[in-house]
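FYI, it's all coordinate maths here, none of it is from the lab. Predicted, not measured: the structure shown is a model, and the values here were computed from it. Neighbour counts are summed over all protein chains in view; Cβ atoms, including those assigned to glycine, are modelled from backbone coordinates with ideal geometry.
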Amino acid sequence: MRKTVFPCLMIAFVLLMSLLLGINALSDAGVRGTAGAVVKGLRDPDITAWETEVNGTLDKNHVFINIFGAIQRLLGKRLVEDPAGYPVARLSNGQLTFAGNDVTVDQADNAASLERLSRELSQSDIPLLFAVAPTKLTNPAVEMPSGVADYANVMADDLLARLQGKVDTLDLRPAFVDCGPENRYFFNTDHHWTAQGALLGCGVLMEELGGKFGFPVDREALDPASYNVTTYPGLFLGSQGKRVGLYYAGRDDFDVLSPKFETSFSYTYDGLETPRAGTFDEALCFSQWLNDDYFNGNCYIYYSGGDWGRAEIVNLLNPDGPTVVLIRDSLSCALAPFLAEQVGRLITIDLRAYPGGLTEELRALSPDLVLVLYGANCYKSAESFDFFKLPQ
């Protein structure tokens, strides 16, 4: 008898909470259409059409995701499975991360691709630097849920070891060993670093470029005190938060960093007919993404505007400065504007959206540096290292 009482109470509790959360969700302006569809259905004899409309409205407003996530939170689950293959884990410090790096991938092929790229560029006297960006798990005090492994840093270490003495490398992770939520270098609900984290990463990078490659370093532009900060409380639900909903994830504040010093840029990217021109804020930032459309919006791409296959930023106050080609992942959305302050011309290439012919373009550009900067989560993806894809 006693063995059945507790499960029955738990089921009743979960059903009650689902009902209460559903009612609360329907009180929001964004999901009132669901209530309207239900009322309409009570008067409509066409049950099939009514069911389609209700399901479509619920899906659009993500009521089910929010309720499911709330139940997982109430049950104390630190690992939330995902039918699309993006399970989310709650770290020991309360931040979220994807739990997809539970298998190691040998880095021999990725190392071979970088070595080949370095050799080919050296024939044209173009230096190559490969840099590893951090993750939330760079902090050694942070732990995954019991029984859940994450090998992102192991794969990054493997790749760096294979490149030793063959390709110039830079590990940004030591600067981020203290990257808990209190210092706001990473979003709680997203896998990307914040603007503050990207600025710190840019500073570490520029110290390397100054020391090893003789690049001039504008330290004023790397100082957080050189920026006005506008905070939008609770504006952002990140990539991990979208998988588990608002009630499980909470929401992130979003900070807009605006230089106090003079800036002037020209910015072009895929599909743009007329270059954006103006200050840092006007040319490199996209205010339309500062909205609270939690599931369909993406505040993170306020900086740079998206993962363009190819983009180019010219620093109009320093047009004769170094030319850098940055082969990037999505972490560079936030990094690129700050790096552009340090150079004359910055060309960014995201291989996921690039049509191919990279080595031919690099030779034609003859930049002062080719920089490959990837987060530690990228090293199980061969696509990120497919530098030799032919033009399509």
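Points worth noting:
- For segment 103-385, with +1 on Lys and Arg beta carbons and -1 on Asp and Glu, the positive-most of 201, 231, 123 along the dipole: 123
- log₁₀ of I(q)/I(0) at q = 0.18, 0.21, 0.28 Å⁻¹ - segment 154-211, Debye sum with one point per alpha carbon: -0.75, -0.92, -1.13
- Here the convex hull built on the C-alpha positions of segment 190-247 has a volume of 86 cubic angstrom per residue.
- Here's the picture: charge each Lys and Arg Cβ at +1 and each Asp and Glu Cβ at -1 in segment 103-385, and of 332, 250, 301 the one pushed furthest to the positive end of that dipole is 250.
- Phi-based couplings in Hz for segment 246-259 (Karplus 6.51, -1.76, 1.60; Gly and Pro marked x): 5, 6, 7, 8, x, 10, 9, 5, 10, 9, 9, 9, 10, x
- Virtual spin-label span in nm between residue 287 and residue 146, 7 Å along Cα→Cβ: 5.1
- Charging the Cβ of each Asp and Glu at -1 and of each Lys and Arg at +1, and nothing else, the dipole of segment 260-392 about its Cα centre rounds to 280 debye.
- Here the extension length gained between residue 225 and residue 353 equals 42.6 nm, from 0.36 nm per residue of separation less the Cα-Cα distance.
- Burial ordering of 189, 169, fewest other beta-carbon atoms within 10 Å first: 169, 189
- Residue-by-residue Karplus 3J(HN,Hα) for segment 231-240, coefficients 6.51, -1.76, 1.60, Hz, glycine and proline x: 9, 9, x, x, 7, 10, 10, x, 4, 6
- A cut-off of 5 Å between modelled amide H atoms, ignoring neighbours fewer than 5 places along the same chain, links residue 99 with 88, 89.
- Per residue, the convex hull around the alpha carbon atoms of segment 103-385 comes to 135 Å³.
- q = 0.20 Å⁻¹, segment 293-362: log10 I(q)/I(0) [Debye, one scatterer per Cα]: -0.83
- Gain upon complete extension [residue 258, residue 207; 0.36 nm per residue less C-alpha separation]: 16.1 nm
- Dipole magnitude of segment 103-385 about its Cα centre (Cβ charges: Lys, Arg +1; Asp, Glu -1), debye to nearest 20: 320
- Per-peptide average of other Cβ atoms within 10 Å, ordering 304-316, 206-218 highest first: 304-316, 206-218
- Cut-off under 5 Å, modelled amide H: who pairs with residue 327 long-range: 349, 371, 372, 373
- Peptides 246-255, 324-333, 367-376, 101-110 ranked from most to least packed give 324-333, 367-376, 246-255, 101-110, packing being the mean of other C-beta atoms within 10 angstrom over each peptide's residues.
- In the structure shown, the pairs 136/242; 212/389; 166/389; 136/260; 77/136; 212/260 are assessed against 25 Å; a Cα-Cα span above that value is assigned to 212/389; 136/260; 212/260.
- Spin-label model distance (nm) - residue 364 vs residue 183, 7 Å beyond Cα toward Cβ: 4.3
- Other residues within the sphere of radius under 15 Å centred on the Cβ of residue 235, judged by their own Cβ, net out at -3 (K and R +1, D and E -1).
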